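The values are calculated or read from the model by the stated rules, or taken from the named source; none is laboratory data. The model shown is predicted, which means the values in this text are computed figures rather than measured ones. Cβ placement follows ideal geometry from the backbone for every residue including glycine, while neighbour counts extend to all protein chains displayed.
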Amino acid sequence: MARATSRLKKEMLDLLERDLEFRYAVAGYLGISEILKRLDSLEENQNKLWEGQNKLWEEVKALREGQNKLWEEVREMRITISRMSATLERLTLTVEEEARSMIKHRIKQDLKVDIELSSIFIDSKEVNIYGATEDLCVIGEATVRLGVNLVYELLDEIELIRSKRPDLLRKRIIKVIYTDYAVPEAVEAARNNNIWVMRWEKDLTPLKIEEYS
């Protein structure tokens, strides 16, 4: 019996050494196959991880492309705003130039006085329309739409000139606002304060000359 066992062991050792399939069979029996399965599973999970990582990078790439597109849209929007601002500035300048031309023409036509008009700054405050000759000066504003606030702003500007630059004032003053459209309340406020409101085709309030001491 002992000889048979010894011979069996020797044969098994020989088979383990020479027979690969037998060796794998024994290894599987001993649990190595389970380890190999786990290794295969680990490799599969690692592949899935790489796939997930690649998908994440694709999403990051798409996010960056979306961000770049958003910045491009912001840049285009800034350019559009800049162009609109420049257009508005040119329009405002056109209204101011038109106002000076029309007011100058009307004063020459109605009062037989030739007066040059321009804009002036008192500190940091701009007055759109100003001109003076002998004892007469013109102080005014030009706007596309006249609201009540601008009427009182003009009166404040005159008081500012009186306090800061009285040398610019004259004994007689024409207060004027040139506009394309005026709300009724603004026209009424201007009339009550002897402000001449005019459009290119007609007067909204009469031209009046006030005397200041």
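How about region 121-153: which of its residues are polar (S, T, N, Q) and touching a helix residue (DSSP H, G or I) at 6+ places or on another chain (Cβ under 7 Å)?
Within region 121-153, 128, 143 qualify.
For region 144-155, enumerate the residues that are surrounded by fewer than 20 Cβ atoms within 10 Å (Cβ to Cβ) and either within 17 Å of residue 211 (Cα to Cα) or in contact with a Leu (Cβ under 9 Å, 6 or more places away or on another chain) (or both).
Correct list: 144, 155.
Would a scan of region 120-135 turn up a residue that is of a type in the set (Gly, Ala, Ser), surrounded by 12 or more Cβ atoms within 10 Å (Cβ to Cβ) and either free of Cβ contacts under 8 Å to residues at least 60 places away in the same chain or at negative phi (or both)?
So the first thing to find is which residues in region 120-135 are of a type in the set (Gly, Ala, Ser), and the list is 124, 131-132.
From the residues that got through so far, the ones that are surrounded by 12 or more Cβ atoms within 10 Å (Cβ to Cβ) too are 131-132.
Restricting the remaining residues to those that are either free of Cβ contacts under 8 Å to residues at least 60 places away in the same chain or at negative phi (or both) gives 131-132.
Yes, because at least one residue in region 120-135 is of a type in the set (Gly, Ala, Ser), surrounded by 12 or more Cβ atoms within 10 Å (Cβ to Cβ) and either free of Cβ contacts under 8 Å to residues at least 60 places away in the same chain or at negative phi (or both).
Out of the residues in region 172-207 that are assigned to a loop (DSSP other than H, G, I, E, B) and at pLDDT 95 or above, which is surrounded by the fewest Cβ atoms within 10 Å (Cβ to Cβ)?
206
Take the residues in region 158-171 that are part of a helix (DSSP H, G or I) and of a type in the set (A, V, I, L, M, F, W, C); name whichever of them is nearest to residue 207 (Cα to Cα).
Applying the first criterion (part of a helix (DSSP H, G or I)) to region 158-171 yields 158-164, 166-168.
Narrowing the set further to residues that are of a type in the set (A, V, I, L, M, F, W, C) leaves 158, 160-161, 168.
Details: 158: 17, 160: 22, 161: 21, 168: 21 Å.
Step by step, filter region 158-171, then rank; the result is 158.
So which of 69, 37 ends up being modelled with pLDDT of 70 or more, more than 30 Å from residue 117 (Cβ to Cβ) and assigned to a helix (DSSP H, G or I)?
On the way: 37 fails: modelled with pLDDT of 70 or more.
Being modelled with pLDDT of 70 or more, more than 30 Å from residue 117 (Cβ to Cβ) and assigned to a helix (DSSP H, G or I) holds for just one of 69, 37, which is 69.
Out of region 136-157, which residues are in a strand (DSSP E or B) and free of Cβ contacts under 8 Å to residues at least 12 places away in the same chain?
Filtering region 136-157 for residues in a strand (DSSP E or B) gives 136-146.
Result: no residue meets the conditions.
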